[in-house]
């Protein structure tokens, strides 16, 4: 399993529009083979931060989807980013 997690920062005035523009990417990801979860969400403390969380069955699934990232217009809005991939070898259900 692969988890992609972190955050991006956009101008606080642009965050709602940025997230609205990500709707199609989220829908595509969630229907992609090997996608277990995919979420982009507004941070409750930082008005410009967007939290990124993805969970994939395999690295191959991530790579197959990866070409469907943000548009060049959205990329231009990103002030900074800190996102990483994590290879997960074990899982414990907490519910």
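The values are calculated or read from the model by the stated rules, or taken from the named source; none is laboratory data. Since the model is a prediction, treat every value here as computed from it, not as a measurement. Neighbour counts are summed over all protein chains in view; Cβ atoms, including those assigned to glycine, are modelled from backbone coordinates with ideal geometry.
In a residue-by-residue description of the stretch 27-44, the property of being under 16 Å from residue 7 (Cα atoms), at pLDDT below 95 and either under 12 Å from the mean Cα position of the chain (by Cα) or surrounded by 15 or more Cβ atoms within 10 Å (Cβ to Cβ) (or both) applies to no position. Could you please give the count of residues in the stretch 57-76 that are in contact with a strand residue (DSSP E or B) (Cβ under 9 Å, 6 or more places away or on another chain) and either over 21 Å from residue 90 (Cα atoms) or modelled with pLDDT under 85 (or both)? Residues meeting the conditions: 3.
Can you spot a residue in the stretch 25-41 that is over 20 Å from residue 91 (Cβ atoms), touching a residue at least 40 places away in the same chain (Cβ under 8 Å) and in a loop (DSSP other than H, G, I, E, B)? Within the stretch 25-41, not a single residue is over 20 Å from residue 91 (Cβ atoms), touching a residue at least 40 places away in the same chain (Cβ under 8 Å) and in a loop (DSSP other than H, G, I, E, B). The set of residues from the stretch 47-72 being closer than 20 Å to residue 9 by Cα, touching a residue at least 12 places away in the same chain (Cβ under 8 Å) and surrounded by fewer than 17 Cβ atoms within 10 Å (Cβ to Cβ) comprises 47, 51, 53, 68, 69, 70, 71.
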